[in-house]
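Asker: Sharing a structure, written as structure tokens. Questions coming.
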Amino acid sequence: MKQIILAEWLKLKYYRTFWVILILSVIIPIAGNYTVAEIFSSKDLKQAQFLLGGPFSFPDVWQTVACVSSFVSGLYGILLIVIVTNEYNFRTNRQNIIDGWERKDFVFAKLFWVMKLAVLSLVVVAIVGALLGMAYGSKSFTFEGFNFVFYYFLQVVVQLIIALLIAVFVSRPGLSIVIYFAYNMMIEQTLVTILKRSVGAIGGLLPLQAGDELLPFPGTKMLAQSMPGGTTTYDTYVYLIAMVVYITLGIWLVFRKVTRTDL
């Protein structure tokens, strides 16, 4: 496994596009959360703070930062698509097989990136949440509510598995990114809207929406449910199970594709 990880590192060590997207994936969530914190700290939004509580005070800051970061978590998926499709473009996947790798080693190498990027996202959100809570909050530090950071972590993993699936099945970088963007920005949201209108809360169990259901902005979920015709939702564990199922299914499909078709 060490050889696989080393080989993956050597492939990307001097790849400028990789570093640019990686840096943006870290900077944009930080900048986004800082901007939202600045807006909520202004005098013009005192009424909103009264209605929503203190979104940047502990413990709500964990949920706030996870929610805001979830809007740009797709950047990690783009990075993974670049990593995977480069293997097909430059035929390095075939060369690895010639050099003695098994096909499953190729999948393990990409799952390594899935976990590494997901852990990076978790660390970034945890640090940002802690710093903003201390800088903009009015309550003492606490890990209460930190579970929302783990919900965000799972959502990022789902995003990355979707990106991995698309990259492996399409294998062309431009088209893969377009399909990934289309699914994230339009296709799933359209399906969620249709399903919620026709069959109810089951629409919230689609891959990315399951994570969104667990990461509402503090206070907005209760406000939405208290309004006439407010939407119903499942218990937290249902969405967690759904995400784990999607992750497991996605990994199985990737293994099946890589081990049964020509690289």
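Bear in mind these aren't lab numbers, they're just calculated from the coordinates by the rules spelled out. Remember, it's a predicted structure, so these values are computed and weren't measured experimentally. Cβ: placed from backbone, ideal geometry, glycine included. Neighbour counts: every protein chain shown.
Asker: Can you give me the span-like helices of the chain, meaning DSSP H runs with 20 Å or more of Cα extent along the axis and Kyte-Doolittle mean at or above 0.0?
Answerer: Span-like helices in the chain: 16-40, 74-89, 103-136, 147-170, 236-260.
Asker: Which of Lys110, Lys13 has the fewest other C-beta atoms within 10 Å, and how do the rest follow up to the most?
Answerer: Lys13, Lys110
Asker: Rounded to the nearest 500, what is the 222 nm mean residue ellipticity of the chain from helices alone, with -39500 (n - 2.57) per DSSP H run of 4+ residues and division by all residues?
Answerer: Rounded to the nearest 500, the figure is -24500 deg cm²/dmol.
Asker: Checking the table Lys2/Lys110; Lys13/Lys116; Lys110/Lys257; Lys116/Lys139; Lys116/Lys196 against a 25 Å threshold on Cα-Cα, which pairs fail?
Answerer: Lys116/Lys139; Lys116/Lys196
Asker: Can you tell me which of Leu79, Leu253, Leu154 moves the most in a GNM of the chain? Springs connect C-alpha atoms under 10 Å apart.
Answerer: Highest fluctuation of the listed residues: Leu253.
Asker: Assuming R0 = 30 Å, what is the FRET efficiency of Arg16 and Met185, from their Cβ-Cβ distance, to the nearest 0.05?
Answerer: The pair Arg16/Met185 has a calculated efficiency of 0.70.
Asker: Top mean-square fluctuation among Gln209, Gln95, Gln159, Gaussian network model of the chain, C-alpha springs under 10 Å?
Answerer: Of the options given, Gln95 has the highest mean-square fluctuation.
Asker: Report the residue, chosen from Val238, Val156, Val114, that carries the largest GNM mean-square fluctuation when the chain is represented by alpha-carbon nodes joined by springs under 10 Å.
Answerer: Top of the fluctuation ranking is Val238.
Asker: For every other residue with a beta carbon closer than 14 angstrom to the beta carbon of Phe58, add +1 if it is Lys or Arg and -1 if Asp or Glu, then tell me the sum.
Answerer: Summing Lys and Arg as +1 and Asp and Glu as -1 gives -1.
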